[in-house]
Structure formats: structure tokens, C-alpha cells
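Trainee: Can you read through this structure? Questions will come right after.
Values in this text are rule-based calculations from the coordinates and carry no lab data. As the structure is a prediction and not an experimental result, all values here were calculated from the model. Methodologically, a virtual Cβ is constructed for each residue, glycine included, from the backbone with ideal geometry; neighbour enumeration extends over all protein chains shown.
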Amino acid sequence: MPTEFIEKDERGQVRERYFEDDGGRLEGVATRYDEDGRLVQESHWRAGTLHGPTSLYGPDGQVLQRVMFVDGQLHGPAELQDEQGRVRMRLGFHEDRLHGELLAWQDGQPLMKHTLAEGRPEGPLELYEDGKLTHRVLFERGWPLEQEQPPEQDPAAPGPEASADMPAEQEQQSGEQRPGWLQGWLQGGSGA
């Protein structure tokens, strides 16, 4: 049976609440609170490993970031929201790698739409400005193949270099690390 632990600050305010199994590993729900007692993070654990949803909350209690873990690996949907509750980014993971559709918005307007397969860009990347499509680049195995110009786009505008051949060194590096924002977030607040 898991044992509950509660850590308080010098004022007696609960800052962390979590459970450990008989082996001292996190088990069940772990929560963190700010100095005013508001929930800032909630994560789910099984035998010392993240398993289930992990969420970060804003000062008003609204979910700002939510990711799913299965046996310690990012797996399934993830979502980031701004302080107004608007979705900023929606993406998916499979076995700790970005996988599936990645959608991003800014101020409620589309910013990017892209598909990733096992952490690598695959298929079209669409970039938007003021809600209008401005660039479209087709990817295969992580590398751009061609750039398509939207109807009102200047054909002389610079675009990414096209290359269908992936150097062996870059092949090994692609998709092996979490994005910087996600890595920082997980290192800074992934559990009790």
C-alpha cells in the first residue's frame, strides 16, 4: 500500500503531495503547489516511472500544458494553451518521439501544420501568417523535397534548401532528442 508524503514550507503551506510504494518509488498522483497553495503541477506515476497524464497549471487553475506518458515515455496527445485558454500547440508522441500531426496557433490564428513520423518531418509543412498559408514544403524521411508557393506568394521568396539525400551523420541525429522547450519543461517539473 502506497504511503502518502506531504511537504510544507516554513509557513505550513503544502508545497508537494505524493505517494511512494514500499520500495520508495513514486506511485500514484504527485502534486506541486505554489506559495499561495495553488496547484501548479500534477503527474501520475507507476513504480517510480511517469505513467499517465502530466499537467502544468496557470495561476487561475487552468491547464497550460498536458502530456501523456506510458512507462516513462511520452506517448499520445500533448497540448499547450495560453493564459486565455486558447490552444497554442497540439501534437502527438509515440515511444518518446514526436509522431503524428503537429498544429500550432498564435493569437487564435493558425501558425503551423505539420506531420512527423518517429520524430522526423514527413509530408507537408504548412506555415501561416495572419491565418493565411504563406509557405508549404514537402518532407520525406526528415528532409525537404520541394517547396510549393501559395497562390499569392512571391516566387522569389527564400525557402529551405531541398535535399532528398540525408547524410549518415544527420540520419543518426534526427529524432533522437526531445524538442528544447519540452526537454526543459520535463527537466524542470516532471514530478515530485
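Trainee: Just rank M68, M1, fewest to most, by other beta-carbon atoms within 10 angstrom. Before the final figure, lay out the partial values.
Mentor: Details: M68 19, M1 6.
Placing the least packed residue first, the sequence is M1, M68.
Trainee: Now, a different point. Residues with beta-carbon under 12 Å from that of W45, excluding W45: net charge, scoring Lys, Arg +1 and Asp, Glu -1?
Mentor: Numbers: positive: R25, R46; negative: E20, D21, E27, E42, D71.
That sum, taken over residues with Cβ under 12 Å, equals -3.
Trainee: How do H94, H114 rank when sorted from fewest to most other Cβ atoms within 10 Å of their own Cβ?
Mentor: H94, H114
Trainee: Let me ask something additional. Determine the shape class of the stretch 1-57: with a ≥ b ≥ c the square roots of the Cα gyration tensor eigenvalues, call it rounded for a/c under 1.5, and otherwise prolate if a/b is greater than b/c, oblate otherwise.
Mentor: oblate
Trainee: Only counting other Cβ atoms within 10 Å, I'd like F139, F19, F69, F5 sorted with the fewest neighbours first.
Mentor: With the fewest neighbours first, F139, F19, F69, F5 line up as F5, F19, F139, F69.
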